[in-house]
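Visitor: This is the structure I have questions about; it appears just below.
Values in this text are rule-based calculations from the coordinates and carry no lab data. All values reported here derive from a predicted model rather than from experimental measurement. Positions of Cβ are generated from backbone atoms using ideal geometry, with glycine treated the same way; all protein chains shown enter the neighbour counts.
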Amino acid sequence: MTAIILIIVLVAVLALSGVYTSWRAGRLDRLHARLEAASFALDAALLRRSAVALELASSGVLDPATSVLLASAAHDARSAPAGREMAESDLTRALRAVFGQPGFRELLVAQDGAEELLSELEGAAHQVFLARKFYNDAVAATQQARRRWLARALRLAGTAPNPEFFEIDDSLVPAGVAGSLADMPHLTDR
């Protein structure tokens, strides 16, 4: 009788362990799927921002030197698969330089359609901020799940590469200046 109870307990423990392991593997798989979706969203937001920056550079609103600088930074950001973080940060700095020019907003208001282009660029920059935040949150959750002892011991992540954070300078407002730009809320992080 005790042997039967021992076998029943052993089978129950094995079944519960199997269910828990399966649940952990499924969770890790869902986290990797979430990470992939966040990666695609981030890539789309970055491409949209560089496209709008190229449109601004070719619009004729900016002076030629600024247009060349902005177009070059946007092109580099679009075509740099390796070192993309640096190229995207360079595009942000170029955009910040454009926005920081004296009288930039007044110049755009005076031109037809330029205000709409500026609004689209600000929206694209904000989408990059949000997409990067969601992507980095997904990376943190996935890395945390992969560090658990069961995931490591049973290699539940399989051959999926360990995700990396995507860190870029994505603020159109220079650090330490946000307080003095109260009259320009469209440039601050929302």
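Visitor: I'd like the distance separating the alpha-carbon centroids of the stretch 1-54 and the stretch 126-158, in whole Å.
Guide: For the stretch 1-54 versus the stretch 126-158, the Cα centre distance is 10 Å.
Visitor: Find, among the GluC sites (Glu not before Pro) in the stretch 100-177, those assigned to loop by DSSP (not H, G, I, E, B) with at most 12 other beta-carbon atoms within 10 angstrom.
Guide: Numbers: sites: E106, E115, E116, E120, E122, E164, E167; in loops: E164, E167.
Listed in order of number, the matching sites are E164, E167.
Visitor: Measure off 7 Å from each Cα along the Cα-to-Cβ vector at A37 and Q144, then give the distance between these two points in nanometres to one decimal.
Guide: 1.9
Visitor: Something else: Once both labels are modelled 7 Å past Cα along the beta-carbon direction, what's the S119-D169 spacing in nm?
Guide: The answer from the label model is 2.9 nm.
Visitor: Which value in nm describes the separation of the simple spin-label points at S58 and Q101, placed 7 Å from the Cα toward the beta carbon?
Guide: 1.8
Visitor: Using a Förster distance of 45 angstrom, determine the FRET efficiency expected from the C-beta separation of M86 and L14, and round it to 0.05.
Guide: Given R0 = 45 Å and the Cβ-Cβ separation, E is 0.30.
Visitor: While we're on this one: Evaluate Rg over Rh across the chain, taking Cα atoms for both radii and Kirkwood's formula for Rh. Mind dumping the intermediate values first?
Guide: Details: Rg = 24.4 Å, Rh = 19.6 Å.
Computed over Cα atoms, the ratio is 1.24.
Visitor: For the chain, with a Gaussian network of springs between Cα atoms less than 10 Å apart, report the residue from V19, V52, V98 with the top mean-square fluctuation.
Guide: The residue that fluctuates most here is V19.
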